[in-house]
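Chemist: After the structure tokens below, expect a handful of questions from me.
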Amino acid sequence: MARSIPHSASYPQPVDRVHRALTSERYWRDRLAEVGGEGAELGHAVTGEGTIDVEMAQAIPAEHLPPIVSKVRPGDLTITRTETWGALVGERATGSFSARVEGLPGEVTGTLTLAPEGTGSTITLDGRVEVKLPLIGGKIEAVIAEQVVELLDAEHGFTEGWIAANG
């Protein structure tokens with residue numbers, strides 16, 4: 001059974017400035033360097049006309065993992081994440097994301113929407129995490145959902161500062 005991950009992040013900048021950042025390869029490289037953790041790397045960033053498709057790898061050291069996760073998957077975790085953003089259509093853009101952990105039968109998936117909010121903008125994430133393990137899958141889903149929200153909050157802080165500094 002999957003667990004829902006609702007999240008939203010507001011920005012004082014208008015949609016076009018936020019979208020320009022999200023579709024910039026430089027933004028993604030800077031974000032990974034700042035909040036991606038040790039050994040984070042950009043697999044690819046394919047840009048188009050106002051679009052981007054990004055793949056990145058991040059690691060979580062074993063000592064930072066909850067015991068329930070370590071029992072199922074000992075050692076460091078390597079997470080492969082993807083994120084795509086489409087072009088602006090009016091004042092909105094949509095995207096999608098996914099994350100998979102090597103050696104763990106589960107995934108995080110969802111959609112993203114960038115839209116105006118007052119004089120600024122907001123990104124709304126509608127995600128879900130599913131771990132296909134009998135008896136303990138739900139507990140691991142709860143841990144992953146909590147960690148995803150913490151990561152999203154850190155990425156939001158970085159993004160807000162990056163847009164302010166880089167336009």
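The values are calculated or read from the model by the stated rules, or taken from the named source; none is laboratory data. In this text, all values refer to a predicted model and were calculated from it rather than measured experimentally. Using ideal geometry, Cβ is built from the backbone for each residue, glycine included, and neighbour counts are taken over all protein chains shown. Surface accessibility is based on the protein's heavy atoms, side chains included, excluding ligands, DNA and RNA. Shrake-Rupley method; radii C 1.70, N 1.55, O 1.52, S 1.80 Å.
Chemist: Scan the range 148-167 for residues that are open to solvent by 40 Å² or more (accessible area, probe 1.4 Å) and polar (S, T, N, Q) and report the count.
Modeler: 1
Chemist: Okay, next question. Taking the range 1-51 only, how many residues are aliphatic (A, V, I, L, M) and either under 14 Å from the mean Cα position of the chain (by Cα) or surrounded by fewer than 16 Cβ atoms within 10 Å (Cβ to Cβ) (or both)?
Modeler: 10
Chemist: Here is a follow-up. Does GLY127 count as open to solvent by less than 20 Å² (accessible area, probe 1.4 Å), under 24 Å from LEU65 (Cα atoms) and either modelled with pLDDT of 90 or more or not aromatic (Phe, Trp, Tyr) (or both)? So that I can check it myself, show each step before the final result.
Modeler: Details: open to solvent by less than 20 Å² (accessible area, probe 1.4 Å): yes; under 24 Å from LEU65 (Cα atoms): yes; either modelled with pLDDT of 90 or more or not aromatic (Phe, Trp, Tyr) (or both): yes.
When the stated conditions are applied, GLY127 passes them.
Chemist: If the requirement is being touching a residue at least 40 places away in the same chain (Cβ under 8 Å) and not polar (S, T, N, Q), which of these qualifies: VAL46, VAL15, VAL89, VAL54? Lay out the reasoning, then the answer.
Modeler: Details: VAL46 fails: touching a residue at least 40 places away in the same chain (Cβ under 8 Å); VAL89 fails: touching a residue at least 40 places away in the same chain (Cβ under 8 Å); VAL54 fails: touching a residue at least 40 places away in the same chain (Cβ under 8 Å).
VAL15 is the lone residue from the list that is touching a residue at least 40 places away in the same chain (Cβ under 8 Å) and not polar (S, T, N, Q).
Chemist: Just one of LEU104, LEU112 is of a type in the set (A, V, I, L, M) and either outside any loop (DSSP other than H, G, I, E, B) or in contact (Cβ under 8 Å) with a residue 60 or more places away in the chain (or both); which is it? Steps first, please.
Modeler: Working: LEU104 fails: either outside any loop (DSSP other than H, G, I, E, B) or in contact (Cβ under 8 Å) with a residue 60 or more places away in the chain (or both).
Sole residue among the options that is of a type in the set (A, V, I, L, M) and either outside any loop (DSSP other than H, G, I, E, B) or in contact (Cβ under 8 Å) with a residue 60 or more places away in the chain (or both): LEU112.
Chemist: Which condition number in (1) touching a residue at least 12 places away in the same chain (Cβ under 8 Å); (2) closer than 30 Å to HIS19 by Cα is the one that ASP76 fails?
Modeler: All conditions pass for ASP76, except number (2).
Chemist: Follow-up. Among the residues of the range 136-147, which ones are open to solvent by less than 30 Å² (accessible area, probe 1.4 Å) and either without any contact (Cβ under 8 Å) to a residue 12 or more places away in the chain or among the hydrophobic types (A, V, I, L, M, F, W, C) (or both)? It would help to see each step written out before you state the result.
Modeler: Step one: filter the range 136-147 for residues open to solvent by less than 30 Å² (accessible area, probe 1.4 Å), giving 137, 140-141, 145.
Correct list: ILE140, ALA145.
Chemist: Looking at VAL18, VAL46, VAL69, which one is closer than 28 Å to ILE136 by Cα and of a type in the set (Val, Ile, Thr)?
Modeler: Result of the check over VAL18, VAL46, VAL69: VAL69.
Chemist: Within the range 115-122, is there a residue that is among the aliphatic types (A, V, I, L, M) and either surrounded by 18 or more Cβ atoms within 10 Å (Cβ to Cβ) or not in a strand (DSSP E or B) (or both)? Outline the logic, then answer.
Modeler: Applying the first criterion (among the aliphatic types (A, V, I, L, M)) to the range 115-122 yields 115.
Checking which are either surrounded by 18 or more Cβ atoms within 10 Å (Cβ to Cβ) or not in a strand (DSSP E or B) (or both) leaves us with none.
No; the residues of the range 115-122 include none that is among the aliphatic types (A, V, I, L, M) and either surrounded by 18 or more Cβ atoms within 10 Å (Cβ to Cβ) or not in a strand (DSSP E or B) (or both).
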